[in-house]
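Student: Dropping a structure here in C-alpha coordinates format, bear with me for questions.
The values are calculated or read from the model by the stated rules, or taken from the named source; none is laboratory data. Since the model is a prediction, treat every value here as computed from it, not as a measurement. Note: accessible area is taken over every heavy atom of the protein model, side chains too, but ligands, DNA and RNA are not part of it. Shrake-Rupley method; radii C 1.70, N 1.55, O 1.52, S 1.80 Å.
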Amino acid sequence: MTERPQRPVRTPRPQRAVRPGPLAEGRASDPYRVGIDPASPVVPETGPSAWNIANYLTGFRLLLVPFFGWLLLTHGGGDPTLRWAAFAVFAVAMVTDRIDGDLARSRGLVTNFGKVADPIADKALVTMALVGLSSIGEVPWWVTAIVLVREWGITAVRFWVIRHGVMAAGRGGKVKTALQTFGIGFLLWPRSTLPLPHLWDALAWGLLGAAVVVTVVTGVDYLVQAVRLRETSERTARKRAARAARAARRAGERPS
Ligand SMILES: O=P(O)(O)OC[C@H](O)CO
(Lines give C-alpha, C1' and ligand atoms only; values in the text may rest on other atoms or scores of the structure.)
Protein backbone atom coordinates (compact mmCIF):
# COMPACT_ATOMS: atom_id res chain seq x y z
CA MET A 1 0.00 0.00 0.00
CA THR A 2 1.37 3.43 -1.00
CA GLU A 3 1.37 6.07 1.69
CA ARG A 4 -0.71 9.17 0.95
CA PRO A 5 1.37 12.36 0.97
CA GLN A 6 0.80 14.33 4.17
CA ARG A 7 -1.08 17.61 3.74
CA PRO A 8 0.93 20.62 4.89
CA VAL A 9 -0.18 21.85 8.30
CA ARG A 10 -1.69 25.32 8.05
CA THR A 11 -0.70 27.84 10.64
CA PRO A 12 -3.82 29.65 11.95
CA ARG A 13 -4.22 33.24 10.66
CA PRO A 14 -3.89 35.86 13.38
CA GLN A 15 -7.34 37.10 14.44
CA ARG A 16 -8.24 40.68 13.52
CA ALA A 17 -9.14 42.86 16.47
CA VAL A 18 -12.87 43.59 16.59
CA ARG A 19 -13.51 47.28 16.65
CA PRO A 20 -16.53 48.47 18.67
CA GLY A 21 -19.36 50.13 16.76
CA PRO A 22 -19.50 53.93 16.82
CA LEU A 23 -22.15 54.01 19.55
CA ALA A 24 -20.47 51.38 21.73
CA GLU A 25 -19.27 52.76 25.03
CA GLY A 26 -15.57 52.21 24.49
CA ARG A 27 -12.73 52.97 26.85
CA ALA A 28 -11.54 56.51 27.37
CA SER A 29 -8.49 55.73 25.25
CA ASP A 30 -10.61 54.49 22.33
CA PRO A 31 -10.18 56.94 19.44
CA TYR A 32 -13.69 56.04 18.24
CA ARG A 33 -15.11 57.56 21.39
CA VAL A 34 -13.79 61.04 20.64
CA GLY A 35 -16.25 63.79 21.53
CA ILE A 36 -15.54 67.30 20.27
CA ASP A 37 -17.45 69.07 23.01
CA PRO A 38 -14.75 70.19 25.47
CA ALA A 39 -17.42 70.50 28.16
CA SER A 40 -18.19 66.78 27.99
CA PRO A 41 -16.88 64.92 31.03
CA VAL A 42 -14.46 62.09 30.34
CA VAL A 43 -16.25 58.73 30.17
CA PRO A 44 -14.64 56.30 32.66
CA GLU A 45 -12.59 53.30 31.41
CA THR A 46 -15.65 51.05 31.40
CA GLY A 47 -18.31 53.45 30.07
CA PRO A 48 -21.80 53.62 31.62
CA SER A 49 -24.61 51.58 30.09
CA ALA A 50 -26.88 53.35 27.61
CA TRP A 51 -29.81 51.99 29.71
CA ASN A 52 -29.72 54.76 32.29
CA ILE A 53 -32.11 57.33 33.76
CA ALA A 54 -30.83 60.18 31.55
CA ASN A 55 -31.50 58.21 28.38
CA TYR A 56 -34.91 57.02 29.70
CA LEU A 57 -35.86 60.70 30.07
CA THR A 58 -34.76 61.32 26.47
CA GLY A 59 -37.00 58.41 25.39
CA PHE A 60 -39.88 59.84 27.44
CA ARG A 61 -39.43 63.18 25.65
CA LEU A 62 -39.73 61.40 22.31
CA LEU A 63 -42.96 59.69 23.45
CA LEU A 64 -44.46 63.08 24.33
CA VAL A 65 -44.10 64.32 20.72
CA PRO A 66 -47.25 62.71 19.20
CA PHE A 67 -49.33 63.62 22.25
CA PHE A 68 -48.16 67.22 22.02
CA GLY A 69 -48.98 67.26 18.27
CA TRP A 70 -52.47 65.96 18.91
CA LEU A 71 -53.14 68.67 21.54
CA LEU A 72 -51.84 71.41 19.22
CA LEU A 73 -53.74 70.36 16.10
CA THR A 74 -57.11 69.32 17.54
CA HIS A 75 -59.82 71.87 16.53
CA GLY A 76 -57.28 73.55 14.25
CA GLY A 77 -55.37 74.96 17.22
CA GLY A 78 -58.33 77.22 18.07
CA ASP A 79 -59.29 75.81 21.46
CA PRO A 80 -57.54 77.87 24.21
CA THR A 81 -57.69 75.02 26.75
CA LEU A 82 -56.02 72.60 24.38
CA ARG A 83 -53.44 75.26 23.50
CA TRP A 84 -52.54 75.64 27.16
CA ALA A 85 -52.35 71.85 27.46
CA ALA A 86 -50.07 71.71 24.38
CA PHE A 87 -47.90 74.41 25.95
CA ALA A 88 -47.73 72.46 29.23
CA VAL A 89 -46.64 69.24 27.49
CA PHE A 90 -44.07 71.17 25.43
CA ALA A 91 -42.74 72.82 28.60
CA VAL A 92 -42.50 69.47 30.46
CA ALA A 93 -40.64 67.95 27.50
CA MET A 94 -38.18 70.83 27.37
CA VAL A 95 -37.63 70.70 31.14
CA THR A 96 -36.71 67.00 30.81
CA ASP A 97 -34.11 68.09 28.25
CA ARG A 98 -32.46 70.17 30.94
CA ILE A 99 -32.82 67.48 33.61
CA ASP A 100 -31.44 64.59 31.55
CA GLY A 101 -28.38 66.62 30.56
CA ASP A 102 -27.71 67.63 34.18
CA LEU A 103 -28.26 64.06 35.42
CA ALA A 104 -25.98 62.58 32.80
CA ARG A 105 -23.17 64.99 33.68
CA SER A 106 -23.52 64.89 37.48
CA ARG A 107 -23.85 61.07 37.71
CA GLY A 108 -21.29 60.18 35.07
CA LEU A 109 -24.01 58.83 32.75
CA VAL A 110 -22.78 60.52 29.59
CA THR A 111 -22.99 57.95 26.79
CA ASN A 112 -22.40 58.22 23.07
CA PHE A 113 -25.98 56.99 22.57
CA GLY A 114 -27.24 59.91 24.71
CA LYS A 115 -25.09 62.42 22.84
CA VAL A 116 -26.81 61.44 19.61
CA ALA A 117 -30.33 60.66 20.92
CA ASP A 118 -30.73 63.85 22.99
CA PRO A 119 -30.51 66.32 20.07
CA ILE A 120 -32.75 64.01 17.99
CA ALA A 121 -35.47 64.12 20.68
CA ASP A 122 -35.24 67.94 20.78
CA LYS A 123 -35.49 68.12 17.01
CA ALA A 124 -38.53 65.82 16.91
CA LEU A 125 -40.35 68.11 19.35
CA VAL A 126 -39.35 71.33 17.57
CA THR A 127 -40.34 69.76 14.23
CA MET A 128 -43.78 68.84 15.55
CA ALA A 129 -44.25 72.34 17.01
CA LEU A 130 -43.18 74.27 13.90
CA VAL A 131 -44.95 72.01 11.38
CA GLY A 132 -48.06 72.17 13.59
CA LEU A 133 -47.93 75.98 13.92
CA SER A 134 -47.31 76.39 10.16
CA SER A 135 -50.14 74.05 9.22
CA ILE A 136 -52.58 76.11 11.30
CA GLY A 137 -51.23 79.27 9.66
CA GLU A 138 -49.45 80.74 12.69
CA VAL A 139 -45.80 80.49 11.54
CA PRO A 140 -44.71 81.08 7.91
CA TRP A 141 -43.62 77.85 6.20
CA TRP A 142 -40.29 79.39 5.14
CA VAL A 143 -39.29 79.84 8.81
CA THR A 144 -40.17 76.20 9.50
CA ALA A 145 -38.25 75.10 6.38
CA ILE A 146 -35.05 76.96 7.36
CA VAL A 147 -35.08 75.55 10.89
CA LEU A 148 -35.88 71.98 9.82
CA VAL A 149 -33.28 71.88 7.03
CA ARG A 150 -30.63 72.96 9.56
CA GLU A 151 -31.80 70.64 12.35
CA TRP A 152 -32.11 67.44 10.28
CA GLY A 153 -29.15 68.39 8.08
CA ILE A 154 -26.91 68.55 11.15
CA THR A 155 -28.34 65.23 12.37
CA ALA A 156 -27.32 63.70 9.02
CA VAL A 157 -23.88 65.30 9.36
CA ARG A 158 -23.53 63.74 12.84
CA PHE A 159 -24.03 60.29 11.29
CA TRP A 160 -21.70 61.19 8.41
CA VAL A 161 -18.81 61.77 10.86
CA ILE A 162 -19.77 59.21 13.50
CA ARG A 163 -16.93 56.79 12.57
CA HIS A 164 -14.51 59.63 13.27
CA GLY A 165 -16.03 60.80 16.57
CA VAL A 166 -19.28 61.81 18.23
CA MET A 167 -20.17 65.44 17.52
CA ALA A 168 -21.97 66.31 20.74
CA ALA A 169 -24.16 69.40 21.20
CA GLY A 170 -21.98 72.46 21.74
CA ARG A 171 -22.73 75.64 23.67
CA GLY A 172 -24.11 77.41 20.59
CA GLY A 173 -26.51 74.52 20.00
CA LYS A 174 -27.75 74.78 23.56
CA VAL A 175 -28.34 78.54 23.28
CA LYS A 176 -30.19 77.91 20.01
CA THR A 177 -32.40 75.28 21.65
CA ALA A 178 -33.18 77.66 24.54
CA LEU A 179 -34.19 80.45 22.11
CA GLN A 180 -36.33 78.05 20.06
CA THR A 181 -37.95 76.72 23.23
CA PHE A 182 -38.96 80.16 24.52
CA GLY A 183 -40.00 81.44 21.07
CA ILE A 184 -42.15 78.40 20.32
CA GLY A 185 -43.41 78.32 23.91
CA PHE A 186 -44.84 81.86 23.63
CA LEU A 187 -46.28 81.08 20.18
CA LEU A 188 -48.14 78.13 21.67
CA TRP A 189 -49.96 80.36 24.15
CA PRO A 190 -53.47 81.39 23.01
CA ARG A 191 -52.20 85.00 22.96
CA SER A 192 -55.39 86.57 21.59
CA THR A 193 -57.23 85.53 24.77
CA LEU A 194 -54.67 87.22 27.04
CA PRO A 195 -54.34 90.84 28.14
CA LEU A 196 -51.71 92.76 26.11
CA PRO A 197 -51.70 90.28 23.18
CA HIS A 198 -49.40 92.56 21.13
CA LEU A 199 -46.74 92.43 23.80
CA TRP A 200 -46.77 88.58 23.81
CA ASP A 201 -46.70 88.59 20.01
CA ALA A 202 -43.65 90.86 19.93
CA LEU A 203 -41.87 88.73 22.53
CA ALA A 204 -42.66 85.47 20.73
CA TRP A 205 -41.56 86.74 17.30
CA GLY A 206 -38.45 88.45 18.66
CA LEU A 207 -37.34 85.21 20.29
CA LEU A 208 -38.16 83.10 17.25
CA GLY A 209 -36.29 85.53 14.97
CA ALA A 210 -33.20 85.33 17.19
CA ALA A 211 -33.58 81.53 17.26
CA VAL A 212 -33.62 81.36 13.44
CA VAL A 213 -30.40 83.43 13.21
CA VAL A 214 -28.59 81.33 15.85
CA THR A 215 -29.94 78.13 14.26
CA VAL A 216 -28.33 79.02 10.91
CA VAL A 217 -25.05 80.30 12.42
CA THR A 218 -24.56 77.22 14.62
CA GLY A 219 -25.48 74.97 11.67
CA VAL A 220 -22.62 76.45 9.63
CA ASP A 221 -20.30 76.12 12.64
CA TYR A 222 -21.18 72.40 13.06
CA LEU A 223 -20.50 71.85 9.36
CA VAL A 224 -17.02 73.36 9.68
CA GLN A 225 -16.37 71.23 12.80
CA ALA A 226 -17.53 68.08 11.00
CA VAL A 227 -15.22 68.62 8.03
CA ARG A 228 -12.33 69.36 10.42
CA LEU A 229 -13.12 66.24 12.47
CA ARG A 230 -13.05 64.02 9.37
CA GLU A 231 -9.74 65.52 8.30
CA THR A 232 -7.99 65.27 11.66
CA SER A 233 -9.44 62.15 13.30
CA GLU A 234 -7.30 59.17 14.35
CA ARG A 235 -9.22 57.04 11.85
CA THR A 236 -8.18 59.32 8.97
CA ALA A 237 -4.58 59.43 10.29
CA ARG A 238 -4.50 55.60 10.40
CA LYS A 239 -5.91 55.35 6.87
CA ARG A 240 -3.34 57.86 5.60
CA ALA A 241 -0.50 55.94 7.29
CA ALA A 242 -1.70 52.63 5.80
CA ARG A 243 -1.95 54.22 2.36
CA ALA A 244 1.59 55.64 2.68
CA ALA A 245 2.92 52.23 3.84
CA ARG A 246 1.28 50.51 0.84
CA ALA A 247 2.76 53.09 -1.53
CA ALA A 248 6.22 52.63 0.04
CA ARG A 249 5.90 48.83 -0.28
CA ARG A 250 4.92 49.13 -3.93
CA ALA A 251 7.83 51.48 -4.60
CA GLY A 252 10.23 48.98 -2.93
CA GLU A 253 8.88 46.08 -5.04
CA ARG A 254 9.37 47.95 -8.32
CA PRO A 255 12.49 46.73 -10.26
CA SER A 256 15.10 49.48 -10.38
O1 LIG B 1 -27.78 72.29 17.84
P2 LIG B 1 -27.71 70.84 18.11
O3 LIG B 1 -28.05 70.00 16.91
O4 LIG B 1 -26.41 70.43 18.71
O5 LIG B 1 -28.80 70.50 19.22
C6 LIG B 1 -28.62 71.00 20.52
C7 LIG B 1 -29.45 70.22 21.48
O8 LIG B 1 -30.78 70.28 21.12
C9 LIG B 1 -29.23 70.75 22.91
O10 LIG B 1 -29.90 69.94 23.83
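Student: Regarding region 159-223, what's the average projected area of the Cα-atom convex hull, expressed in nm²?
Tutor: That works out to 4.9 nm², a quarter of the Cα hull's surface.
Student: Mean 1/r over all different Cα pairs, inverted: what Kirkwood radius does region 92-175 give, in Å?
Tutor: Result for region 92-175 stands at 14.1 Å.
Student: Right, another one. On the accessible surface of region 89-230, probed at 1.4 Å, how many percent belong to carbon and sulfur atoms?
Tutor: The nonpolar share, carbon plus sulfur, comes to 74 percent.
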